[in-house]
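Take a look at the structure below.
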Amino acid sequence: MLTKQMPAALGTLTGRVLEIGAGTGANFGYFRSDISWLGLEPDSRLRHRLAAVAAAHGQHGPVLAATAERIPLPDASVDAVAGTLVLCSVANQDQALAEVRRVLRPGGTFAFVEHVAAPAGSWTRRLQRCAAPFTRLFDHGCDPGRETWRAIEAA
């Protein structure tokens with residue numbers, strides 16, 4: 001399911017695109033080749049690999065060492081922000097989304113694919129709650145039980 005969503009979410013972005021939580025560069029196959037890419041990755045172990053993968057895809061924009069809650073770019077400086085499975089692991093979703101809005105130019109696009117909580121009271125939601133301590137520990141802080149759609153709607 002996720003693979004089908006990625007081209008739709010990322011493949012139409014144009015101009016200067018900031019990818020938050022870019023990780024190891026797994027999304028390069030979905031981006032158009034004519035974008036001007038910038039990456040944001042707080043994990044120092046991943047940044048060097050990300051820069052090499054970006055260069056292999058013809059992207060030589062900087063890989064910024066920062067979190068989504070503190071994007072080191074000027075206001076209204078990017079045409080689009082891309083985030084895939086990032087908001088499930090940020091420390092403060094509201095602050096990260098405020099930063100996304102701040103750096104987007106008027107009329108810009110926020111393209112995202114995220115983990116979200118299953119319906120309240122469902123078995124899936126219970127499993128998400130049980131798995132969360134492990135995913136937070138072993139998957140870069142991911143909490144699959146966050147109601148991420150609420151934070152995005154509020155932003």
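The values are calculated or read from the model by the stated rules, or taken from the named source; none is laboratory data. Because the structure is a prediction, the values reported are computed rather than measured. Glycine also receives a Cβ, built like all others from the backbone with ideal geometry; neighbour counts cover every protein chain displayed. Calculation scope for accessible area: heavy atoms of the full protein, side chains included, ligands and nucleic acids excluded. Shrake-Rupley method; radii C 1.70, N 1.55, O 1.52, S 1.80 Å.
Can you compute the helix-only [θ] at 222 nm over the chain? Use -39500 (n - 2.57) per DSSP H run of at least 4 residues, normalise by all residues, nearest 500 deg cm²/dmol.
-11000 deg cm²/dmol
Mind pulling the angle between the C-alpha long axis of helix 44-56 and the longest principal axis of the chain? Nearest 10 degrees, somewhere in 0 to 90.
With both axes taken from Cα atoms, the answer is about 50 degrees.
Can you tell me the Rg and Dmax of segment 97-155, counting just the alpha carbons, in angstroms?
Cα-based Rg and Dmax for segment 97-155 come out at 14.0, 41 Å.
In nanometres, what is the gap between the two model label sites at Leu137 and Asp94, each 7 Å from Cα along Cα-to-Cβ?
Between Leu137 and Asp94, the label points sit 3.0 nm apart.
Multiply the residue gap between Ala120 and Ala56 by 0.36 nm, knock off their C-alpha separation, and tell me the result in nm, one decimal place.
18.7 nm
Run the accessible area of the chain with a 1.4 Å probe and give the carbon-and-sulfur part as a rounded percent.
56 percent
Report the extension gain between Ser33 and Arg150 in nm, rounded to one decimal, defined as 0.36 nm multiplied by the number of residues separating them, less their alpha carbon distance.
Net length gain for the segment: 38.9 nm.
With every protein chain present, what is the per residue accessible area of the chain (1.4 Å probe, Å²)?
54 Å²
If you build the Cα gyration tensor of segment 63-131 and take the root of 5 times each eigenvalue, what three semi-axes come out, in whole angstrom, biggest first?
29, 13, 9
Compute the long axis of helix 123-138 from its Cα atoms, compare it with the longest principal axis of the Cα atoms of the chain, and write down the angle in degrees, 0 to 90, nearest 10.
Compared with the principal axis, the helix lies near 50 degrees.
Show log10 I(q)/I(0) for the chain at q = 0.09, 0.13, 0.20 Å⁻¹, two decimals, from a solvent-free Debye sum over equal Cα scatterers.
-0.28, -0.59, -1.33
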